[in-house]
1. Which residues, taken from segment 21-48, are without any contact (Cβ under 8 Å) to a residue 40 or more places away in the chain and closer than 28 Å to Ala64 by Cβ?
2. Which of the residues spanning segment 58-110 are more than 23 Å from Leu123 (Cβ to Cβ) and small (Gly, Ala, Ser)?
3. Restricting segment 94-134 to residues that are of a type in the set (S, T, N, Q) and in contact with a helix residue (DSSP H, G or I) (Cβ under 6 Å, 6 or more places away or on another chain), which is surrounded by the fewest Cβ atoms within 10 Å (Cβ to Cβ)?
4. If a residue has to be open to solvent by less than 40 Å² (accessible area, probe 1.4 Å) and farther than 20 Å from Ala93 by Cβ to count, how many in segment 41-51 make the cut?
5. Considering only residues that are loosely packed, with under 11 Cβ neighbours inside 10 Å and either within 20 Å of Ile84 (Cβ to Cβ) or at pLDDT below 90 (or both), which ones fall in segment 52-65?
Amino acid sequence: MRFTISSFRRLAFSLIILVLVSGVVYSAYLGDNLRFWDEHEYYKIADNLIQKNIYSLDGINKTAYRPPGYSWVLSVLMLAGASITMLRIANFAALACSIYIIYLITKKLHSNSAAAVACLLVLFYPVLFFLAGI
């Protein structure tokens, strides 16, 4: 069986779609519950950014305990009305975008087949999928 450039591209995009679809299903399964303490903290910081316009865990004292980027992204999505489930789906969308970026970089540096393999290797690291569900 001979693989063509389009078949490698199709494989890579199929993997990206697989991550997105399974991420939506997993996010729906998890629901609107925050399971881990760091999830609660990021959510509190994002909520305080919206409600009190302060980067704070308790809403009173400023903090540098958590890096600001993720909380800012959460706060923007929360301002748009996103639920916790939608925030998780956004994490999976970011993972899918990362896989696509890996595809583009590997394709530019090596080949289409190497890019498809790089995308496949991401799926063999399940910690990324687990962390996107947080």
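1. Within segment 21-48, the first condition is being without any contact (Cβ under 8 Å) to a residue 40 or more places away in the chain, and the residues that meet it are 21, 25, 29, 37, 40-42, 44-48.
Matches in segment 21-48: Trp37, His40, Glu41, Tyr42, Lys44, Ile45, Ala46, Asp47, Asn48.
2. Across segment 58-110, the qualifying residues are Gly59, Ala64, Gly69, Ser71, Ser75, Ala80, Gly81, Ala82, Ser83.
3. So the first thing to find is which residues in segment 94-134 are of a type in the set (S, T, N, Q), and the list is 98, 106, 111-113.
Remaining after also requiring in contact with a helix residue (DSSP H, G or I) (Cβ under 6 Å, 6 or more places away or on another chain): 106, 112-113.
Working: Thr106: 20, Asn112: 19, Ser113: 16.
Among them, the one singled out is Ser113.
4. Within segment 41-51, residues that are open to solvent by less than 40 Å² (accessible area, probe 1.4 Å) and farther than 20 Å from Ala93 by Cβ number 4.
5. Scanning segment 52-65 gives Ala64, Tyr65.
The values are calculated or read from the model by the stated rules, or taken from the named source; none is laboratory data. Remember, it's a predicted structure, so these values are computed and weren't measured experimentally. All Cβ positions, even for glycine, are placed from backbone atoms using ideal geometry, and neighbour counts span all protein chains on display. For the accessible areas, the whole protein counts, side chains as well, though only heavy atoms, and no ligand, DNA or RNA atoms are used. Shrake-Rupley method; radii C 1.70, N 1.55, O 1.52, S 1.80 Å.
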